[in-house]
Ligand code: ADP
């Protein structure tokens, strides 16, 4: 037993012995030792009960305990309880301070933060930015259903997808439709979700400006280029034979510039449209047209096969699809050495979707380049691309067109063996081929 505890018990028991001894002595003097001793013992028990009662009352009333004085067992018990209570209070204060700091931090964020109860989808808490961005006001929207509070934003279905909800990249603010928001749903616990809304108006405006700038520059360049190209075509090399190679190069470069401008304009147009102008796209004539274009470009240098195994049509924008498939086929022709094989296959998939594949026996593309191939102006070999009249925008156009059609581009390639570019459309884009179109001339 530690010394302090030994002292405590010695002190307590000696006090008891002293009281009882004094009572016994007084009893002997008065000639009633035992009743005096019993009375003193009863008084001690009563005193203990009084202290116990006092302590229980203070604990039950959750009263702040007072700093104990004295050295007996009760005082030590009081001291232990006092210490426990003080520690609990200090911990609570620390937690409260932390909570306040977190709340102040969330409140000060420039993005709107809304805590939602998962099952009822009611608003539990929101920060200051939620008022100007989302129009949430306290206490009106506290515990209000989120979808109703953020009308007219179409949130019901988005919230229903919960954990799988894709971020809404460009949603109009319910307060001011000119303010564009990026909305994200983060289910951060089993019961609670977080809705984050960020004002992306400036970013989107910059993006619009960039798009408009590229479109305007391309548009402005188109006319002077056409004029220059026209004059170059008119120049006869026979008049100055020493200029013939120069003239040919100038014609080739102006042709390349014109193609670049056309591709940039196509990209701008695709970027500006949210969805394709859906129409039935008869695939038999489209495939026949692709074959003709490829043969014209190849000048008989390649074996070109077109296999139409799917026997269905597509739903989408005919002009854009033709341009996307045409780009893939033109790449195959341009990059495959003479004598190579090029195959276009239109195939049905097991899930009802279709794939248009362009396969070549060209040089192939090292795997490291594949993820970046569809970026604008990304080229594996710049010289080969320029030599063959490439603009570096072909695959970017393909990716955009497919994106608008909800389709994906898959590229597989093996160096020295060839490449396969697959455009994968899901079943919603597949139409039964109409008999009149099957019969129409290819
Ligand atoms: P480009 O106009 O330069 O062909 P693309 O966007 O169409 O631009 O293609 C990007 C790059 O991908 C090309 O520069 C080329 O290096 C590579 N590439 C595209 N198609 C093929 C192919 N069929 N075989 C080998 N490389 C290819």
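From the list 165, 160, 178, the lone residue that is modelled with pLDDT under 95 and more than 19 Å from the chain's Cα centre (by Cα) is 178.
Within segment 415-433, if we keep just the residues that are in contact (Cβ under 8 Å) with a residue 60 or more places away in the chain and not in a strand (DSSP E or B), the residue that is farthest from residue 374 (Cα to Cα) turns out to be 433. So which residues in segment 365-384 are within 11 Å of the ligand (Cβ to nearest atom) and without any contact (Cβ under 8 Å) to a residue 24 or more places away in the chain, if there are any at all? Listed by number, the residues that qualify are 369, 372, 375, 377, 378, 379, 380, 381, 382, 383.
For segment 276-293, check the following and say yes or no: at least one residue is more than 26 Å from residue 345 (Cα to Cα), part of a helix (DSSP H, G or I) and touching a residue at least 60 places away in the same chain (Cβ under 8 Å). No. One residue stands out among those in segment 388-406 that are more than 10 Å from the ligand (Cβ to nearest atom) and without any contact (Cβ under 8 Å) to a residue 60 or more places away in the chain: the one that is nearest to residue 421 (Cα to Cα), which is 403.
Across segment 305-356, the number of residues qualifying as more than 11 Å from the ligand (Cβ to nearest atom) and part of a loop (DSSP other than H, G, I, E, B) comes to 11. If you go through segment 125-166 and keep only what is surrounded by 14 or more Cβ atoms within 10 Å (Cβ to Cβ) and part of a loop (DSSP other than H, G, I, E, B), you end up with 127, 128, 129, 135, 136, 141, 142, 144, 150, 153, 155, 165.
For segment 92-119, the set of residues classified as touching a residue at least 12 places away in the same chain (Cβ under 8 Å) and outside any strand (DSSP E or B) consists of 106, 107, 108, 109, 110, 111, 118, 119, listed by residue number. Within segment 380-414, the set of residues being in a loop (DSSP other than H, G, I, E, B) and surrounded by fewer than 17 Cβ atoms within 10 Å (Cβ to Cβ) comprises 381, 388, 389, 392, 406.
The values are calculated or read from the model by the stated rules, or taken from the named source; none is laboratory data. Everything quoted here is computed from the prediction, not taken from an experiment. Neighbour counts run over all protein chains shown; Cβ positions are idealised from the backbone, glycine included.
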